[in-house]
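The values are calculated or read from the model by the stated rules, or taken from the named source; none is laboratory data. Keep in mind the model is a prediction, meaning the values are calculated, not measured. Glycine gets a Cβ as well: all are built from the backbone with ideal geometry, and neighbour counts include every protein chain shown.
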Amino acid sequence: MDFIRKMKIARGEELAEMVLKNCRVINVYSGEIEDADIAIEDGMILGVGKYSGKIEHDLKYAYVAPGFIDGHVHIESSMLTPPGFAKIILPKGTTTIIADPHEIANVSGKAGIQFMLDASEKIPLNVMMMIPSCVPATIDENSGAVITADDIKTFLGHPKVLGLGEVMDYPAVIKGDYLIHEKLQLMNQKIIDGHAPDISGYDLNAYIASGVMTDHESTIEPSLTERIKRGMYVHLREGSATRNVKALLKGITKENIHRTLFCTDDKHPFDIEKEGHINYNVNLAIEFGINPVDAIRMATLNAANCYNLSHLGGIAPNKQADLIVFDHLNKIEPKLVFYKGTLVAKDGKALFDLKVDIPKEIINTVIFDDSMLNFDLKLKSNKVHVIGLIKENITTKDLIRKVKVENGVFLYDDQKDIIKLAVIERHKNRRKIGLGLVEGFEIKNGALAMTIAHDSHNLLILGTNDQDMALAAKKIKEIQGGIVLVRNGKVDDFLQLEVGGIMTANSEVIVQETLLRMKDKIKEMGLSKYVDDPFISLAFLALPVIPELKLTDRGLFDVNQFKIIPIEIE
């Protein structure tokens with residue numbers, strides 16, 4: 001832009017390209033609400049005040065806020081590629097995301113990361129990336145790829161790369177393991193995201209001393225407070241299965257609110273459609289007593305400050321014109337969404353449609369031999385460790401239970417809510433299978449299989465009988481990844497996820513409708529009322545960095561001890 005013209009527009013001496021007239025501007029810097037116009041040129045805000053433009057939109061004193069920022073999200077958890085994800089979150093007012101592509105990296109390595117960068121190039125959404133730090137999450141599982149420090153170096157100069165993704169192997173960090181610290185040192189001039197459930201005191205000091213700056217794993221108020229005291233930013237997360245905003249709001253004060261921001265982490269399309277995205281986090285905060293402007297500040301300026309995005313997060317001169325327009329301050333439902341001054345969503349609908357090219361390196365990723373489909377769980381004792389679900393969280397309990405054993409093998413008892421769980425390595429046909437037990441789903445007569453199994457994304461199967469589990473696994477291989485539901489010996493429904501076994505290039509409508517239909521069918525099978533999202537609740541049972549018990553393809557993993565343990569207690 002001609003800098004002389006730019007100055008004249010900012011001074012009100014020339015017409016701006018576009019002006020939003022009669023706005024109630026949410027000023028996240030001063031905490032005020034201003035009645036003003038917003039002058040926009042070449043996608044940037046040049047002035048807030050009284051302006052005229054070549055194109056003018058009279059907003060009739062509707063509220064205008066900066067576009068919302070999701071501080072930590074895995075696009076892959078939506079089961080959509082970046083263009084599809086943009087279509088469902090932009091109408092909800094999210095114009096920027098800080099994405100960690102470690103899901104596809106665990107399947108396809110550098111090729112997967114590059115795909116996410118390339119697929120984000122032309123969409124009307126600010127997609128900033130954090131390069132995955134822990135692929136795989138631990139050494140006690142088999143993933144499809146490994147991301148090394150040398151791999152990370154190849155992405156350092158990319159303009160969308162902000163830093164290092166969530167550092168999940170916190171025991172290795174605290175012990176001073178060279179391989180993880182090599183990655184941390186590579187990013188010591190950039191942002192480093194954390195993942196630190198249940199660590200505190202001197203261990204937390206050590207973790208932060210490594211360079212980690214944020215954490216999104218706080219679930220209780222003391223955790224949030226301690227992290228902020230030690231200089232971290234804390235994300236208040238509200239996903240499909242992990243819902244922590246209400247609990248953490250108790251710890252927010254006028255003195256520490258500037259160190260807080262919002263994230264979704266993992267949220268399914270039907271929940272985004274039904275509830276909202278970051279606007280849902282904001283609305284929860286407002287409902288539970290946070291001043292509306294402060295809640296908006298958490299979703300905008302605070303997040304921009306955290307990730308050094310100085311051109312985003314506010315409505316002021318020289319800020320990118322990412323704006324949302326809404327009528328009610330106490331419940332924000334955007335009616336207009338602008339990205340770089342262009343209207344991209346209206347009345348809850350995206351105004352664009354983009355296709356994506358899928359490289360051959362990230363398809364046909366489900367490889368295992370059918371001889372692996374033997375689910376006999378051999379036990380020396382009837383006293384066993386059982387993974388216990390926890391409501392609204394992906395953390396689990398280590399339950400000690402007595403089960404039926406016949407001829408040295410676990411026998412399902414339909415009078416008890418204890419169901420078999422299997423994880424089969426599906427990337428390289430390494431012939432690895434882990435078997436365990438889980439309590440809390442309460443389903444009967446069937447099986448649910450997925451190639452979404454955080455974070456290594458092996459084949460994960462939950463079932464009441466071996467025959468249905470095997471049938472579900474075979475269908476997964478046939479469709480090369482996705483979600484399969486088997487009931488009473490028949491494949492009842494499925495969602496194909498052909499991109500790495502975790503995403504699809506199909507429309508967001510197909511994904512939403514299929515997931516809702518399958519969820520209803522699982523409810524018919526007796527799904528516990530405490531399991532809001534059976535897909536996410538199941539997917540995280542394979543993640544061995546979230547307490548207490550998890551299952552990998554190598555066996556039952558005790559996160560507190562950070563090692564594989566026998567299932568039986570002798």
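Scanning the stretch 152-171 for residues that are surrounded by fewer than 13 Cβ atoms within 10 Å (Cβ to Cβ) and part of a loop (DSSP other than H, G, I, E, B) returns Thr154, Gly157, Pro159. Scan the stretch 402-418 and give yes if some residue there is buried (at least 24 other Cβ atoms within 10 Å of the Cβ) and of a type in the set (Phe, Trp, Tyr), otherwise no. So far as the stretch 402-418 goes, no, none of its residues is buried (at least 24 other Cβ atoms within 10 Å of the Cβ) and of a type in the set (Phe, Trp, Tyr). Scanning the stretch 96-124 for residues that are surrounded by fewer than 22 Cβ atoms within 10 Å (Cβ to Cβ) and not small (Gly, Ala, Ser) returns Lys110, Gln114, Leu117, Asp118, Glu121, Lys122, Ile123.
This table checks each residue for (1) at pLDDT below 95; (2) not polar (S, T, N, Q).
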{"position": "Val73", "(1), (2)": "no, yes"}
{"position": "Ile98", "(1), (2)": "no, yes"}
{"position": "Gln114", "(1), (2)": "no, no"}
{"position": "Ile131", "(1), (2)": "no, yes"}
{"position": "Glu141", "(1), (2)": "yes, yes"}
{"position": "Leu164", "(1), (2)": "no, yes"}
{"position": "Ala172", "(1), (2)": "yes, yes"}
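Thr214 passes every criterion in (1) within 16 Å of the chain's Cα centre (by Cα); (2) in contact (Cβ under 8 Å) with a residue 60 or more places away in the chain; (3) surrounded by fewer than 24 Cβ atoms within 10 Å (Cβ to Cβ) apart from (3).
Please verify whether Pro91 is in contact (Cβ under 8 Å) with a residue 60 or more places away in the chain and either of a type outside the set (S, T, N, Q) or outside the structural domain of Leu551 (by TED's automatic domain parsing) (or both), treating the condition exactly as stated. So Pro91 passes the test. Of the residues making up the stretch 318-335, those that are within 25 Å of the chain's Cα centre (by Cα) and at positive phi number 0. Cβ-Cβ distances below 9 Å connect the following pairs, each with a first residue in the stretch 244-264 that is under 18 Å from His74 (Cα atoms), a second residue that is acidic (Asp, Glu) and part of a loop (DSSP other than H, G, I, E, B), and a separation of six or more residues or different chains: Asn244/Glu217; Asn244/Glu392. Taken over the stretch 337-363, the criterion of being under 25 Å from the mean Cα position of the chain (by Cα), surrounded by fewer than 20 Cβ atoms within 10 Å (Cβ to Cβ) and closer than 20 Å to Glu41 by Cβ is satisfied by Lys340 alone. Of the residues making up the stretch 167-190, not a single one is in the same structural domain as Met129 (by TED's automatic domain parsing), among the acidic types (Asp, Glu), in contact (Cβ under 8 Å) with a residue 12 or more places away in the chain and closer than 20 Å to Asn302 by Cα.
Among the residues of the stretch 251-305, those that are small (Gly, Ala, Ser) and either part of a helix (DSSP H, G or I) or surrounded by fewer than 24 Cβ atoms within 10 Å (Cβ to Cβ) (or both) comprise Gly251, Ala285, Gly289, Ala295, Ala299, Ala303, Ala304. Residues in the stretch 1-52 that are more than 18 Å from Lys340 (Cα to Cα) and small (Gly, Ala, Ser) were compared, and the one that is surrounded by the fewest Cβ atoms within 10 Å (Cβ to Cβ) is Ser30.
Specify which of the listed residues (Ile89, Ile69) is under 30 Å from Thr514 (Cβ atoms), modelled with pLDDT of 95 or more and assigned to a helix (DSSP H, G or I). The conditions single out Ile89. Applying the set (1) within 23 Å of the chain's Cα centre (by Cα); (2) farther than 20 Å from Val127 by Cβ; (3) buried (at least 24 other Cβ atoms within 10 Å of the Cβ); (4) of a type in the set (A, V, I, L, M, F, W, C) to Ile315 leaves exactly one unmet item: (1).
Would you confirm whether or not the stretch 367-385 contains a residue that is touching a Leu at 6+ places or on another chain (Cβ under 7 Å) and under 28 Å from Asp271 (Cβ atoms)? No, the stretch 367-385 contains no residue that is touching a Leu at 6+ places or on another chain (Cβ under 7 Å) and under 28 Å from Asp271 (Cβ atoms).
Among residues of the stretch 394-423 that are at pLDDT below 95, those with a Cβ under 7 angstrom from a residue that is among the basic types (Lys, Arg) and assigned to a loop (DSSP other than H, G, I, E, B), sequence gap 6+ or separate chain, pair up as Asp414/Lys444. In the list Gln480, Gln512, which residue meets the criterion of being of a type in the set (S, T, N, Q), under 18 Å from Ala539 (Cα atoms) and at pLDDT 95 or above? Every option except Gln480 fails the conditions.
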